[in-house]
Amino acid sequence: MLEAKMKAPDFCLLDQNGHTVRLSDFVGKKVVLYFYPKDNTPGCTRQACAFAASYEQFKAQDVAVIGISKDSAASHQKFAQKYDLPFILLSDPELQAIQAYGVWQEKNLYGKVSMGVVRTTYIIDGQGLIEKVMPKVKPDTNAAEILTYLAGER
């Protein structure tokens, strides 16, 4: 897993509308980059809806919110429309960013071991450096914890 003060790996992925998005597009702007396992699952839906509910607060602070999973751009588009998600969702089926950020890990669910995305959030500063790493976040409180963090740093 990456750590604070490290350079955030750049990526080039498609968003829910089929547009190419790079982390380097956001130079000069703080980015909340959150990795989640799968669209339309209970935890991921709660997490996305919490970010949507707080989106105006992120926008007021000029902070971009970006969610990444290995779902397709079409899946992301349906997910964003269904829950009225106002932020960018990136499709990473080849695990380019997911592996670069160290969130593709072994998971153990009821004794069954498999590989998957571990819910993790990175806060990246305007120079592209990782400011904070939040591993194994809880879907219901992740957005609020980030807002609390951002309020404390100002």
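The values are calculated or read from the model by the stated rules, or taken from the named source; none is laboratory data. Since this is a predicted model, take the numbers as computed values, not measurements. FYI the Cβ positions are ideal-geometry reconstructions off the backbone, even for glycines, and counts take in every protein chain you see. Quick note on the areas: whole protein, heavy atoms, side chains included, nothing else; ligands and nucleic acids left out. Shrake-Rupley method; radii C 1.70, N 1.55, O 1.52, S 1.80 Å.
Among the listed pairs LYS38/LYS132; LYS5/LYS112; LYS5/LYS78; LYS7/LYS70, give every one whose C-alpha distance is greater than 29 Å. The answer is LYS5/LYS112; LYS5/LYS78.
The charge dipole of segment 73-154, taken about its Cα centre with unit charges on the Cβ atoms of Lys, Arg (+1), Asp and Glu (-1) only, comes to about 320 debye. With all protein chains kept in place, the per residue accessible area of the chain amounts to 51 square angstrom at a probe of 1.4 angstrom. Per atom type, the chain shows carbon and sulfur on 52% of its accessible surface, probed at 1.4 Å.
Please work out the ratio of the alpha-carbon Rg of the chain to 2.2 N^0.38 Å and round it to two decimals. Cα Rg divided by the expected 2.2 N^0.38 Å: 0.97. Annotation: for a label point projected 7 angstrom from Cα along Cα→Cβ of TYR149, residues of segment 28-57 with backbone N closer than 15 Å are 30-36, 51. Using every alpha carbon pair in segment 82-154, what percent of pairs falls into each 5 Å bin from 0 up to the bin containing the largest distance? Spelled out per bin, shortest first, that is 3, 12, 17, 23, 22, 14, 7, 2, 0. The relative contact order of segment 92-138, computed from alpha carbon pairs under 8 Å that lie at least 6 residues apart in sequence, is 25 percent.
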